[in-house]
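Here's the structure, in structure tokens; my notes come after.
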Amino acid sequence: MSEPARPLGKDLIGLEDLSADQIRTILDTAEPFKEISERRIKKVPVLRGQTIVNLFMEPSTRTRISFEFAEKRLSADTVNISSTGSSVQKGETLVDTARNLEAMKIDMVVIRHWASGAARFLAERIPSNVVNAGDGSHEHPTQALLDLLTLRDHLGDLTGRRVCVVGDILHSRVARSNIWGLLKLGAEVGVCGPRTLLPRGIESFGVEVFSRIEDAIEWADALNILRLQLERMQGGFVPSLREYNRVYGVSTARLEKAPRDVLILHPGPMNRGVEIDSDVADGPQSVILKQVTNGVAVRMAVLYLLAGGAPERAEAAKRRGMGG
Amino acid sequence: MSQRPMLLKGGRVVDPSQGLDDHVDVLLTEGKVSKIGIDLPRPEGTEDVDCEGTVIVPGLIDVHVHLREPGGEHKETIATGARAAAAGGFTAVCAMPNTDPVIDSPATVGFVAAAGREAGSARVYPVGALSIGQKGERLTEIGELVEAGAVAITDDGRPVMDSGLMRLALEYAQAFDIPVADHPEDLGLSRNGVMNEGVVSARLGLAGKPNASEDVHILRDLLVAELTGGHIHIQHVSTRQGIDAIRQAKARGVRVTAEATPHHLLLTDDAVDGYRTDAKMNPPLRSDADRDAVRAGFLDGTLDTLATDHAPHHYDEKEQAFDDAPFGIVGLETVVGLILTHLVHTGEMELSTFVERASVQPARAFRLQGGTLVEGGVADVTVLDLDRTWTVDPSRFLSRSRNTPFTGWELRGGPVRTVVGGRTIWTLTGGPRS
């Protein structure tokens, strides 16, 4: 028996590890999967008989549900484990959790963990496919992929396009994954935020650094606005939410001064009136809900490819499901 | 207990404490170096040790090790640590006090000293805590600790944040002629850092400790030592700015000694890539420029003492997410091969300078016996084979722990025999001997 082709390798840990071609393959594979979610019967038998564990060691609503929809629409069997009320709370180590899951013969683990490197740690220790659903401040590859897909839907080819990630870059896995993904697809990348929330040495990634939001808006074709975590205020990184909104908040007044229409993305959940004003979030340039829709398609594509699905057969796989 | 005299024959003796580098024999009797020369008298019952092709040096001393006992016996004990030291070519080590309970009383100092004697391997010198419970509030009874056997004081592992307390320690310790050893780190600047702050930490999404977190306290320690006239011993220096500051302080006569570790001499924060917890230590591995500065400082003597900061941890503890894994790596059983291979054989460092940094100066800095083969001195001797090649294999360590970033490194040169008080405590071929 020959090994299934693995266009992504065994795991998806981060976009830093992927080539531009691999990223394009995922985005292209997501295209046919978009349509499945529009049907009355939203299910294809692509992952029938496969067991997927969603291991969420940190609270998450959106990402967990999006993965679960993706898994169910591909007909996988899924089990959800969260940190509260599980053996993890009883002090079980990540290694032991992993070994126990493996012993129950599973096919894939989707992991969200508060520690940077946790997804890779797991991937190195179990033969199942591992999908990183966000590890500490490291990477959140499927979020960046859905951002890229949404940007591509609206801007076309991203080569030479300017995308600025705004907010807490220091602690953000979304920022890191976006930076790698955008750079690999040929976009110009900016980051903007208070200096306390920008990692020292960020310039070496090959990004433009803006300390004033007005400059970022003038420069960018699209803004990806990060949520300001409440902990950052408690940690003293920003003096107050009010001040953050006054200095870094994206408002209609600020956007109106831009030389072009700036596309607005936000990975959610939003703090309205803090990093983004409501009229921007709900305004004509916002593609925030399209990101959410694309999230399911991108995650279906990732699961399909990791399971050994051939990119060129995604269309056929989709049609095979037509009968329900 | 009387023991047989020992005649180390045919080796090259390198002892910078007396400017000696010559092919001479060494006679050890009654736990002392009794004679160095050729055609030595051979007392009744002498054990002859053929040292042809090897180098005989004063016993190596590591002034910075963590032996974990009491409280961390699953990582290391005083006995296993002392045997690991012997297997690494060390005749003496100084055990840090950050155990559980902390070594902050005459009784606990006495416990470490007694357990060290009982191990009957490398000498184990206790280092006492600087403050009670290492809480950084009040000085320990330093006089009583010294009387019980402490050779220095330190709050290593828990930085002394109160500069006033550091002043008191540097003043008070002078009466007992011991160094105050400091782990320089401003906790406000290192915050929750787990590695060096730099490009690698930015990529990995790990919180960083900037160089400044170390530099601020090195500068403080130097200034307070200058103010008080006390002897500050700065541990495991890892930053270029810190080394510059020490170099300048030495030039103006501040009483300062300072350590270089093998890992800060040889590795950078690139070793952390892939979230390798065996490259997690404090201070962290830093940039290329810092590593180069540590080397330059070690070569020119600014960093006068080689120390491993041997920090054993159980494999379960290192087998965790990077944030959760404890700081520290073992060092006793690899350092000699690492330095010989990467500094001496490359021609960067003279063999005698290595011996100066690893034996003569540690003994001087901590006022320990040994560090010399002068006649009448203690018979602590290390025999090195400069050319034996070997591969670092943690499963063969005598230490109870295996946490090293040097696994698989091919090395040239290492110890073949360790002699303490005229008694062989370890040989390469025979393993540990009692």
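The values are calculated or read from the model by the stated rules, or taken from the named source; none is laboratory data. Note that the structure is a prediction, hence the values are computed from the model and not measured. Ideal geometry is used to build each Cβ from the backbone, glycine not excepted, and the neighbour counts take in all protein chains shown. Calculation scope for accessible area: heavy atoms of the full protein, side chains included, ligands and nucleic acids excluded. Shrake-Rupley method; radii C 1.70, N 1.55, O 1.52, S 1.80 Å.
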B:ASP22-A:TRP114 FRET efficiency (beta carbon distance; Förster radius 41 Å; 0.05 resolution): 0.10
Between A and B, accessible area buried - total, square angstrom, nearest 100, 1.4 angstrom probe: 1600 Å²
Fluctuation leader among A:ILE169, A:ILE202, A:ILE36 - chain A, Gaussian network, Cα springs under 10 angstrom: A:ILE202
Accessible area expressed per residue, segment A:133-183, with surrounding protein chains retained (probe 1.4 Å, Å²): 20 Å²
Segment B:59-365, relative contact order in percent, only Cα pairs under 8 angstrom and at least six apart counted: 17 percent
Residue (of B:GLY193, B:PHE111, A:GLY235) at the positive-pole extreme of the protein assembly as shown, dipole from beta-carbon charges: A:GLY235
Candidate lysines for bridging to B:LYS75, where Cα separation is under 29 Å - those fewer than 8 sequence places away on the same chain excluded: A:LYS90, B:LYS135, B:LYS209, B:LYS280, B:LYS318
Mean residue ellipticity (222 nm) of chain A, computed from DSSP H runs ≥ 4 via -39,500 (n - 2.57), nearest 500: -11500 deg cm²/dmol
Solvent-accessible area of A:MET270 with every protein chain in place, 1.4 Å probe, in Å² to the nearest 10: 60 Å²
Principal axis dimensions, largest first and in whole angstrom, of chain A by Cα: 59, 45, 36
Longest to shortest principal axis, alpha-carbon extents of segment B:201-271, angstrom: 43, 22, 15
Listing of segment B:173-206 residues, each with accessible area lower by at least 30 Å² in the full protein assembly than in the chain alone (probe 1.4 Å): B:ARG191, B:GLU197, B:VAL199, B:ALA202, B:ARG203, B:GLY205
Sequence of A:ASP282, B:ASP380 when ordered by accessible area, the most exposed leading, probe 1.4 angstrom: A:ASP282, B:ASP380
Shielded residues, segment A:120-137 - accessible-area loss of 20 Å² or more between chain alone and all protein chains, probe 1.4 Å: A:ARG120, A:PHE121, A:GLU124, A:ARG125
Projected label distance in nm at B:ASP273 and B:GLU137, using a 7 Å step from Cα toward the beta-carbon: 4.7 nm
Cα gyration tensor category, rounded, prolate or oblate, for segment A:36-163 with a/c compared to 1.5: oblate
Signed unit charges on C-beta, dipole axis of chain B, positive-most listed residue B:PRO283, B:ILE234, B:VAL151: B:VAL151
Within segment B:238-343, trypsin sites (Lys or Arg not before Pro) in DSSP loop having at most 16 other beta-carbon neighbours inside 10 Å: B:ARG252, B:ARG276
Cα-based shape type of segment B:59-365, given that a ≥ b ≥ c are square roots of the gyration tensor eigenvalues and the cut on a/c is 1.5: rounded
Nearest-20 debye value, the protein assembly as shown charge dipole, Cβ charges on Lys, Arg, Asp, Glu: 2480 debye
On Cα atoms only, tilt of B:163-172 relative to the major axis of chain B in degrees: 30 degrees
Span per principal axis, largest first, for the Cα atoms of segment A:153-212 (Å): 34, 19, 17
For a label point 7 Å along the Cα-to-beta-carbon line of B:HIS74, residues of segment B:319-336 with backbone N under 19 Å: B:319-330
Sulfur and carbon atoms: percent of accessible area, the protein assembly as shown [1.4 Å]: 49 percent
Listed residues B:GLY128, B:GLY71, B:GLY45, most fluctuating in chain B (Gaussian network, C-alpha, under 10 Å): B:GLY45
Computed accessible area, B:HIS264, all protein chains, 1.4 angstrom probe, square angstrom: 10 Å²
Longest segment of chain A lacking trypsin sites (Lys or Arg not before Pro) that sit in a DSSP loop with at most 16 other Cβ atoms within 10 Å: A:126-199
Average accessible surface area per residue within segment B:59-365, 1.4 Å rolling probe, Å²: 30 Å²
Residues in segment A:176-202 that, when all protein chains are in place, have 30 Å² or more less accessible area than the chain alone would give (probe 1.4 Å): A:ARG176, A:ARG200
Cα-based Kirkwood hydrodynamic radius, segment A:175-324, one decimal, Å: 17.5 Å
Solvent-accessible surface ranking, highest first, for A:ILE41, B:ILE243 at 1.4 angstrom: A:ILE41, B:ILE243
Aspartates and glutamates whose Cα lies under 14 Å from that of A:LYS42, excluding same-chain neighbours fewer than 8 positions away: A:GLU68, A:GLU71
Fully extended contour minus Cα-Cα distance, from B:LEU386 to B:TYR315, at 0.36 nm per residue: 22.4 nm
Choice from A:GLY268, A:GLY236, A:GLY206 showing the highest fluctuation, given a GNM over chain A with Cα pairs closer than 10 Å: A:GLY236
Separation of the A:GLU218 and A:LYS257 label points, Cα + 7 Å toward Cβ, nm: 0.8 nm
Kirkwood estimate for the protein assembly as shown, i.e. one over the average of 1/r between Cα atoms, Å: 28.8 Å
